[in-house]
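One structure below.
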Amino acid sequence: MAFIRVKKIKGNEYFYLVENVREKGKIRQKVLKYIGTKKNLASMLSNDKKRDR
């Protein structure tokens, strides 16, 4: 199951769509898509809402 992960880099927040995968007996987060900043996340979510109508 995929989820959104937030990373803080030099005081800025960046969003990634990630999923947990098991490799060699350990859990690892695999990045499925780089989303970007809050602004990019908000525009992506608003586009999805428009598409659902």
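In degrees, nearest 10, range 0 to 90: what is the angle between the Cα axis of helix 38-52 and the longest Cα principal axis of the chain?
Its long axis makes an angle of about 70 degrees.
Run the helix sum for the chain: -39,500 (n - 2.57) per DSSP H stretch of 4+ residues, divided by residue count, reported at 222 nm to the nearest 500 deg cm²/dmol. List each step's numbers first, then the result.
Values: 1 runs with 15 residues, N = 53.
Taking each H run of at least 4 residues, the total per residue is -9500 deg cm²/dmol.
Where the convex hull is taken over the Cα atoms of the chain, what is its projected area averaged over directions, in nm²?
Numbers: hull surface 18.2 nm².
For the Cα atoms of the chain, the hull's average projected area reads 4.5 nm².
On a full-extension model of 0.36 nm per residue, what is the gain between Ala2 and Leu45, subtracting their alpha-carbon distance, rounded to one decimal in nm?
Value of the extension gain: 13.9 nm.
Could you tell me the relative contact order of segment 2-52? Use alpha-carbon pairs under 8 Å, at least six residues apart, and round to a whole percent. All intermediate terms of the calculation are to be shown ahead of the outcome.
Details: 66 pairs, mean separation 13.9, N = 51.
27 percent.
FYI, it's all coordinate maths here, none of it is from the lab. Note that this is a predicted model, so its numbers are computed, not measured.
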